[in-house]
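Step one of this worksheet: look at the structure below.
The values are calculated or read from the model by the stated rules, or taken from the named source; none is laboratory data. Treat the numbers as computed from the prediction; the structure is a model and nothing was measured. Reconstructed Cβ throughout: ideal geometry from the backbone, glycine too, with neighbour counts over all protein chains shown.
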Amino acid sequence: MMSILKLPRGRELDLSHPHIMAVLNVTPDSFSDGGNHITYDSAVNKALELIEQGATIIDIGGESTRPGAANVSVVDELNRVIPVIKALRKKSDCVISIDTSKAQVMAKAVDVGADFINDVRALQEPDALQTAASLNVPVCIMHMQGQPRTMQSAPSYSDLMSDINDFFFQRIKACETHGIDKKQIILDPGFGFGKTLAHNYEILNKIDVFKTIGCEILAGLSRKSMIGNLLNRDTNERLAGSLAGALIAAQKGAKIIRVHDVAQTFDVLKVWQACEKGLDKKGKVNVG
């Protein structure tokens with residue numbers, strides 16, 4: 001399966017090779033980098049740095065979805081993300097995704113330059129599905145059992161992979177019913193969102209199963225507790241584990257790898273792609 005996402009302004013994102021999505025949280029409380037990029041200038045400068053390091057996509061979020069995170073108002077979220085998207089779009093033609101579940105934030109973000117929607121709640125919030133359809137941009141829908149405040153309270157499944165698969169089929173059907181083209185849908189199994197440690201590694205091992213649905217896969221496990229708890233590492237000591245997870249996900253078919261450590265992930269994927277596909281006549285290999 002090879003997909004090309006149709007982006008605003010006649011642009012495209014070719015998913016014949018893996019792309020790096022860089023995390024840019026403009027929140028005071030995200031689990032890994034909360035508070036690091038909460039001024040507009042620092043956020044934009046960080047985004048430009050991440051692009052230089054090899055990121056194709058900058059994923060901008062204004063609401064933390066870490067376990068136990070409190071909800072953020074629409075106004076606060078807009079105030080955090082919109083100035084950053086505006087400023088970044090003026091300086092770069094990179095792909096910008098808006099990490100939000102709120103319809104109003106989706107609409108305004110796309111209006112000022114965002115290219116697609118990354119929604120951890122899979123377009124289930126009020127008006128989100130209708131708004132996403134009207135915007136005619138790609139959407140990433142994620143599986144999460146429960147809500148961020150409660151999702152890690154003894155998560156359980158009758159059949160993990162089958163349950164997630166069923167969820168994706170239901171959400172894809174809802175998207176198509178509202179006019180969203182299946183070719184414009186990305187699936188994220190939601191590492192760490194309502195999963196035990198064992199669940200997370202079963203998903204990573206079997207992530208290629210979701211390719212049979214007919215949509216491309218996003219994998220986001222960078223610095224997460226599934227790495228820290230397995231290796232007994234604090235958040236800022238999880239680079240090696242995160243790189244291993246990113247490589248495994250990419251090798252199993254994930255085409256968008258969402259990470260904090262862009263330069264290191266780029267190097268890992270580039271070496272793998274050079275072995276897997278070889279170099280072109282200019283000695284280069286495609287990684288984004």
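Brief remarks follow.
- Residue tally, condition more than 16 Å from the chain's Cα centre (by Cα) and either acidic (Asp, Glu) or closer than 25 Å to residue 266 by Cα (or both), over the stretch 55-76: 1
- Here residue 252 does not qualify as basic (Lys, Arg), out of contact with any Phe, Trp or Tyr (no Cβ under 9 Å at 6 or more places or on another chain) and at pLDDT below 95.
- Pick from the stretch 193-224, criterion small (Gly, Ala, Ser) and at pLDDT 95 or above, ranking: farthest from residue 65 (Cα to Cα): 214
- Test for residue 130: is it closer than 17 Å to residue 61 by Cβ and of a type in the set (S, T, N, Q): no
- When 179, 214 are checked against the criterion of being more than 21 Å from residue 242 (Cβ to Cβ), touching a residue at least 60 places away in the same chain (Cβ under 8 Å) and in contact with a helix residue (DSSP H, G or I) (Cβ under 7 Å, 6 or more places away or on another chain), 214 stands alone in meeting it.
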